[in-house]
Amino acid sequence: MARAVADIEREIRALGPQEKEQLLRALLEELSGPPDPDVECAWLEEAQRRSSEFDRGLVATSPSEDVFRRAREDLRHR
């Protein structure tokens, strides 16, 4: 018979942070299914495209202070 979920939760709480992270990753992989082999390549291509656009001056940039200020303002208005 399977152990009670409460018992498993108690054991998880006793784990260290690294063990919890390892367990969480394993559970997420279990729920998500096998990784898509093309995802890593797609992200690399996207990063290279964005980097190239930035290097050629095709992307408007903003100082981080402005970005965080606008984000805080947006969150206040919600």
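Any read-out appearing in this document is the output of simple, stated calculations on the displayed coordinates, not a laboratory observation. Computed from a predicted structure; not experimentally measured. We place every Cβ from the backbone using ideal geometry, glycine too, and count neighbours over all the protein chains shown.
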- Message: As a test of the formula, what do you get for the chain when each DSSP H run with n ≥ 4 contributes -39,500 (n - 2.57) and the sum is divided by the residue count, at 222 nm and rounded to the nearest 500 deg cm²/dmol?
- Response: -22500 deg cm²/dmol
- For the chain, built as a Gaussian network whose Cα springs stay under 10 Å, the top-fluctuating residue of 56, 13, 25: 13
- Note on the structure: With the range 1-77 reduced to its Cα atoms and the Debye formula applied, log10 I(q)/I(0) at q = 0.16, 0.18, 0.23 1/Å amounts to -0.91, -0.92, -1.01
- Query: Taking the Cα centre of the chain as the origin, how large is its charge dipole in debye, to the nearest 20, when only Lys and Arg (+1) and Asp and Glu (-1) carry charge on their Cβ atoms?
  - Reply: 500 debye
